[in-house]
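Worksheet for the structure shown next.
Please treat every number below as a calculation from the coordinates, not as lab data. As the structure is a prediction and not an experimental result, all values here were calculated from the model. Here the Cβ is made from the backbone with ideal geometry for all residues, glycine too, and neighbour counts use every protein chain on show.
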Amino acid sequence: MPLLYAFAQVANPDAVCLLPDDLGGARLAGQHLTRLGRARIAHVTGPPRFEAVRQRQKGFRQALERAGIAWRPERVLAATWSEAWGHEAVERLLRIRPGVDAIFCGSDQIARGVVDALRERGVSVPEDIAVVGFDNWEIIAAATRPPLTTIDMNLHELGRQAGLRMLAMINDGRTRAGVVRLPCRLVVRQSCGTMLAGFAQEAAAVVPGRAVQ
């Protein structure tokens, strides 16, 4: 029986697994920050046992190195998916790495904690430190002050593709097994330090137009 997994990955080589392109999304975030002139960028993320965490870190590193910025492992802090961890990470960063000018967060939940902690310590976002999240969880991203620039995983399109591929399986039984990664897009809000006219459209346009398989 053909199997399809949406937003999940399994070891079964005969299954179809649809996932967001975490690596490509993180690369977009890194490219955006470096194009804004940020060069001392920290990465605050979740537990490394998750493949998404490893993929996002890899994409972020690729973006920095392509911009000629040396990779600094000491600026990568990983723990839990929580606002509390975002608060704790800021305390560590400001204590041991006071020169940070941007933070790329592995989730919007972490980013919300990061932004709140920076504000509590009198650090201005984005003037002093720019912040970018990942998920585009709008209930968090839009309510963050300032509103959060983030990576949208395009879960609506992922669900649509899952439905189309399932219908194809039912109708003709043909399917190409393997992992399919669908492109993410950058959503620009105030936390990154730019709201220039047309910039959001320009940023979205750099997202690859095809899935990675």
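Of Met169, Met153, Met1, the sequence from fewest to most neighbouring Cβ atoms within 10 angstrom is Met1, Met169, Met153. The range 56-80 and the range 157-179 have Cα centres separated by 35 Å. By how many degrees, 0 to 90 and rounded to 10, does the Cα axis of helix 22-35 deviate from the longest principal axis of the chain? Value to nearest ten degrees: 30. Packing, taken as the mean count of other beta carbons within 10 Å per residue, orders the peptides 132-140, 116-124 from highest to lowest as 132-140, 116-124. Amide H contacts of Gly46 (H built 1.01 Å from N, in plane; Pro and chain starts excluded): Ala79, Gly106 sit under 5 Å, all sequence-distant by 5 or more or on other chains. Note on log10 I(q)/I(0) by the Debye sum over Cα atoms at q = 0.07, 0.10, 0.11 Å⁻¹: of the candidates (1) -0.22, -0.44, -0.52; (2) -0.18, -0.38, -0.46; (3) -0.23, -0.48, -0.58, the value calculated from this structure sits at (1). Looking at the range 3-205, the DSSP beta bridges with both ends there are about 10 percent antiparallel.
Need the C-alpha centroid separation for the range 1-55 versus the range 125-152, integer Å. Using only Cα atoms, the two centres lie 18 Å from each other.
Relative to the dominant Cα principal axis of the chain, helix 108-120 is inclined by about 10°. Of the peptides 25-38, 60-73, the order by per-residue mean of other Cβ atoms within 10 Å, starting with the highest, comes out as 25-38, 60-73.
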